[in-house]
Amino acid sequence: MRRNLLLSLTLLLLASCGQGKDYYQKNNKIKNVVFIIGDGMGPQQISLLQLYAKHAKESLYNGQKTNLEKLMAIGETGLVMTNPGKKLVVDSSCSATQYATGEYSLPEVVGIDDNGESTETILEAAKKAGLRTGLVSDVRITHATPASYAAHNISRGNENDIAQEMLSVGPDVMLSGGLRHFIPKSALSNKSLRSQVPSHIKLKSKRKDDVNLINKAQKDGYEVLFDKLSLNKSTSKKVLGLFTNSAMPNGIWHTQNKDKADRVIPTLSEMTSFALKNLENSSNGFFLMVEAGQIDWAGHANDTGLMLHEMLRADEMLGVVLNWVKDRDDTLVIVTADHETGGFGFSYNGFNVERAEKVSNKMFKDGVYKSKFNYGDFSTLDKLYKQTKSNANILREVSKWSPEKRTIPNIKNLFESYTQYKYSSKDISEIMHSSKNKFFKKGHSYLGAEKFPTITDFSSFYIYGERIRSNIVARVLAHQQNTVWATATHTSTPVTMVTVGPASLTKEFDGMMHSTEVGRKTFKALGLKKEFKSVIK
Ligand code: MG
Ligand code: ZN
């Protein structure tokens, strides 16, 4: 009897340890960390993906779970507060710095704590300890999120200096856009550079000097790549891939081009897959940060259709990570966000209400159901998917037109050609209207314009000049789409965090915590030491 009890206990223990994962019960130490940041991917953005996946008539998921859901099913799910130490709401560089360093940071700085001191990032600590390191982003490599892992700068805007510093820190793999910060100001007339960089990439430098960081990278042992084909062929250990002059293309481009054989720009999934394969051959392990960076940009623009495409691109990348990690027991994967962007939500309203819908006649007379309000139709999800150009790019097209062409009927036709919605002439006038910028600040990079597109409510949250027109598009479509947006900036919503790895480790990430604590736990998971200064609240 006693022996049977012991036997069952042993069996039970073995079962609970999973497939040989008991190693981690002892030391909680893994070799690799893959840290994924969906920039601006709050729970609201996740709701858009989930609703689309499950309820769009023509859902690409076809009854399958999203990769995010699959990761959740094998891991733990927690919530993260991302606020700075001394402010209510965070920006991307501060938030990434808090994850990367385990210290409170300040908005708009990179790799600096909230006392104003440079502080070591997990990527630097990992490199020092002999781990291999990588950064992947679908924005550009010098942008706030990746920069916060491999640079220390008082302003996220100093991307030329950040490029230089990132090269000195020297992650083994850096894949993104952002060539313009690596090429000399005279790049356009530089024949040798033109012969190296394929013609589909512009050579429009943002540098104020003649420093050629492509040369420097090559001297430092990087293979510098500019297109998908060379990425496919690369077997180098140290790789810098700069696939666009500025940002990489958006999520709608991704949907439209991902299956094209002649595509020259790699996708986020392809860059991630390359980075994992490149870094996995490391006896000491690796640290990799992957950013799905343009969910945030769709959020700033309040562009729901674009945001759906961004979430699809992010989820496709999560599929690559899931496939890579699912049979491993030496890796911790963290999927989280730096903040929510836009205060997005589907919302019920008073437009087109009390429509008769068919239900069973057991409770409802004649089988007719009517709700007092409009709770939104699933057909909206398919319509959002069928948006073929971002609002920002539609408006860019308008801005290139001659003043004579820029008439209300022409603009209305243009919008209707790219989206599944109808616009009234009044809608178009609202979108194109401008008035005095109430928050004018002379010389300010964003608020320095005397006129802004007209937005009447919460106007202090609409700060990005001409881009505000896209926010107005969201306002005029809101009743048809059942969508609301609270702001053109970020909100303080706690973000979702999924951790996949040995259960004894992922359970440490269970519950609600601050991003600095996530950062510290990640250091610990890799066995990296750092003396942390700030007291986490
Ligand atoms: Mg970012
Ligand atoms: Zn943002």
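What follows draws every value from the coordinates through simple rules; no lab data is involved. Computed from a predicted model, the values in this text were never measured in an experiment. Please note: Cβ atoms are built from the backbone with ideal geometry, for glycine as well, and neighbour counts cover all protein chains shown.
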Quiz item: Just in segment 281-382: which GluC sites (Glu not before Pro) are loop by DSSP and have at most 15 other Cβ atoms within 10 Å?
Solution: GLU354
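Suppose only helical runs count, i.e. DSSP H with n ≥ 4. What mean residue ellipticity at 222 nm does that imply for the chain under -39500 (n - 2.57) per run, divided by all residues and rounded to the nearest 500 deg cm²/dmol? Intermediate results must be reported in sequence, preceding the final value.
Working: 22 runs with 207 residues, N = 537.
Rounded to the nearest 500, it is -11000 deg cm²/dmol.
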Quiz item: GluC sites (Glu not before Pro) within segment 379-487: which are DSSP loop residues with at most 12 other Cβ atoms inside 10 Å?
Solution: GLU404, GLU450
Practice problem: Quote to one decimal, in nm, the extra length available between HIS444 and VAL353 on full extension: 0.36 nm per residue of separation minus the C-alpha distance between them. | Solution: 28.2 nm
Quiz item: Of all trypsin sites (Lys or Arg not before Pro) in segment 417-495, which ones are in loop regions per DSSP and have a Cβ with at most 13 other Cβ atoms within 10 Å?
Solution: LYS422, LYS438, LYS441, LYS442
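Mind checking the dipole of the chain: about its Cα centre, +1 per Lys or Arg Cβ, -1 per Asp or Glu Cβ, Debye to the nearest 20? Show your work: numbers first, answer last.
Numbers: 71 positive and 55 negative charges, 109 e Å.
Once rounded to the nearest 20, the dipole reads 520 debye.
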Exercise. Determine the alpha carbon to alpha carbon distance for each of LYS228/LYS400; LYS128/LYS238; LYS127/LYS524; LYS31/LYS277 and list only those over 23 Å.
Key: LYS228/LYS400
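Just for the chain, what percent of DSSP beta bridges are antiparallel, to the closest 5? Intermediate results must be reported in sequence, preceding the final value.
Values: 22 of 55 bridges.
Close to 40 percent.
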Quiz item: Of GLY221, LEU242, THR267, which is farthest on the positive side of the dipole of segment 219-269, counting Cα position, with +1 on Lys and Arg Cβ, -1 on Asp and Glu Cβ, and the Cα centre as origin?
Solution: GLY221
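Taking the Cβ of LEU175 as the center, what net charge do the other residues with Cβ under 10 Å away carry, scoring Lys and Arg +1 and Asp and Glu -1?
On the way: positive: none; negative: ASP138, GLU270.
After counting each charged neighbour, the total is -2.
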Practice problem: State the answer as a single residue: which of PRO453, SER424, ILE472 lies farthest towards the positive end of the charge dipole of segment 377-483, with beta carbon charges of +1 for Lys and Arg and -1 for Asp and Glu, about the Cα centre. | Solution: PRO453
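Which value, in debye to the nearest 20, gives the size of the charge dipole of segment 377-483 about its Cα centre, when Lys and Arg are +1 and Asp and Glu are -1 at the Cβ? Can you show the working numbers first?
Details: 18 positive and 10 negative charges, 73 e Å.
Dipole about the Cα centre, nearest 20: 340 debye.
Place the peptides 167-176, 185-194, 318-327 in order of packing, highest mean first, counting for every residue the other Cβ atoms within 10 Å and averaging per peptide.
Most protected by this proxy first, the peptides run 167-176, 318-327, 185-194.
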Exercise. Mind jotting down the three principal axis lengths of the chain based on Cα atoms? Whole angstrom, largest first.
Key: 76, 75, 49
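What is the sum of charges, Lys and Arg at +1 and Asp and Glu at -1, for the other residues whose Cβ falls under 13 Å from the Cβ of THR119? Provide the component values of the computation, followed by the final result.
Details: positive: ARG520, LYS530, LYS533; negative: GLU103, ASP113, ASP114, GLU117, GLU120, GLU124, GLU531.
Local net charge: -4.
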